[in-house]
Amino acid sequence: MKARRVAIITGASSGIGRALTERAVRAGWDVFAVGRRAERLAELEERLKGATGRLATVAFDLRSAGAAPRIVRATLERFGRIDVLVNNAGGVAVGSIAQQSDDALREQMETHVIVPLALTREALPALRESHGHVFYVGSGVARIPVGALGAYPPAKAAVRNMTRIVRNELRSDGIAVTYVDPGAVATEFMTRAGFAGPPPSLAASPYTVARKIFNAFETRRRVVNAVPWQTAVVAFAEALPALTDFIVSRAPQIVVGKTAPVLADGATAGPAAASPPPTPLPAAAQLAEPAVASPSPSGAVALESAFDAALEAPSGRMRKLNLRKAFVRELLVPDNELDLGDVALRWAGMPNKNERALTHEVLEALASAGFLARIDEERYRVLRADDGA
């Protein structure tokens with residue numbers, strides 16, 4: 001019997017990490033998902049109940065002392081092997097790099113460079129045995145740095161360069177190493193840091209990026225450029241550095257009033273926020289029992305728009321319960337407020353538990369993709385319509 005593939009995915013509370021965790025578990029993989037927000041990880045476990053793969057989660061600060069060996073050891077104790085390591089966790093402390101404290105600068109390098117290298121080092125014996133795969137998630141600002149992001153651009157530039165070094169060093173061990181430039185993605189990351197984010201028409205869904213990372217495991221690609229247009233723009237910008245510097249210097253960057261440092265999964269960080277004490281891993285990691293279920297359709301999905309990509313995960317349940325995409329699309333009237341109970345009532349009449357749960361799942365998927373903003377547990381504000389409609 002072929003062994004299940006086992007992955008460690010960091011930054012799994014939201015965005016790309018969450019989307020990749022969903023895709024992997026639904027494809028039958030066993031995933032050890034690490035994030036900072038316990039409530040988001042609990043939601044993820046609930047969302048993936050009945051999937052063909054198994055999920056273990058832990059809310060953990062990867063910068064804590066001894067984090068890397070504890071994460072790797074816990075994964076091996078739960079699943080017995082490691083095939084894939086996805087270093088996705090990250091953060092940005094906004095502001096002028098020349099004015100940031102030593103602690104703020106150090107935290108950026110630790111989060112993006114030291115922690116991923118430590119996880120790679122600790123996982124090496126298992127990765128050699130499985131001829132596994134390591135992913136490092138970078139950024140477009142590694143090549144075209146912009147201001148007001150503190151040490152984030154140089155940290156990501158270090159990630160880009162260290163990926164090439166690690167790839168060369170591990171080639172003889174049969175371990176693939178891939179650099180991922182996710183491009184302009186519709187996630188909370190930059191908006192929570194105070195940036196307006198990419199125009200909706202240009203932003204990729206985290207589910208699109210997750211699909212490309214997942215496919216790269218099969219092809220063992222060296223580089224994943226998730227947003228093709230950005231690759232062309234970056235190449236043009238590198239060819240004309242003086243013009244690029246002029247344009248970047250005039251580009252609006254910070255949204256006034258939002259300058260708190262944030263982590264990629266949305267938790268605040270920085271020198272003013274003390275790191276929580278290390279979580280006892282075996283007690284915190286909760287393993288969802290495997291269940292026999294009909295697997296979701298596999299393979300690459302042709303995504304017509306960011307809207308379709310956002311609803312990729314719940315699409316099977318939407319068909320089963322007859323929740324039409326057209327109805328969901330009609331909800332997306334900018335500045336409107338949506339109430340979970342009201343939306344469920346409008347499409348299901350007297351909604352049962354499953355119909356209400358599906359409504360919540362759909363609204364959360366739209367929020368993660370940047371169509372909605374959460375007001376509280378059951379209310380959302382519409383940020384944008386479906387541009388691909």
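Values in this text are rule-based calculations from the coordinates and carry no lab data. Keep in mind that this is a model prediction, so the values were computed, not measured. Virtual Cβ from ideal backbone geometry, glycine too; neighbours counted across all protein chains shown.
Some notes on this structure:
- P(r) tail fraction, region 302-382 - alpha-carbon pairs more than 17 Å apart, %: 39 percent
- Put simply, region 91-151 fits an ellipsoid with semi-axes of 30, 14, 6 Å; these come from the alpha carbon gyration tensor as the roots of five times its eigenvalues, largest first.
- Each other residue within a Cβ distance under 14 Å of Gly341 adds +1 if Lys or Arg and -1 if Asp or Glu, for a net charge of -3.
- Rounded if a/c under 1.5, otherwise prolate or oblate - region 34-166, Cα gyration tensor axes: prolate
- What the phi angles of region 92-99 give under the Karplus curve with 6.51, -1.76 and 1.60, with θ = phi - 60°, is a coupling list of 9, 10, 6, x, 5, 5, 6, 10 Hz, glycine and proline written as x.
- Placing a pseudo-label 7 Å from each Cα along the Cα-to-Cβ vector at Arg78 and Arg379 gives an inter-label distance of 3.6 nm.
- Fully extending the segment from Met350 to Arg106, taken as 0.36 nm per residue of separation minus the present Cα-Cα distance, adds 82.4 nm.
- Normalised contact order of region 93-174, rounded percent, pairs of Cα under 8 Å and 6 or more residues apart: 43 percent
- Look at the alpha carbon pairs under 8 Å that are at least 6 residues apart: their mean separation over the length of region 302-382 gives a relative contact order of 38 percent.
- Prolate/oblate/rounded call for region 137-185, Cα gyration tensor, a/c under 1.5 rounded: prolate
- Report note on the peptides 19-25, 69-75, 343-349: ranked by the mean count of other C-beta atoms within 10 Å, highest first, their order is 19-25, 69-75, 343-349.
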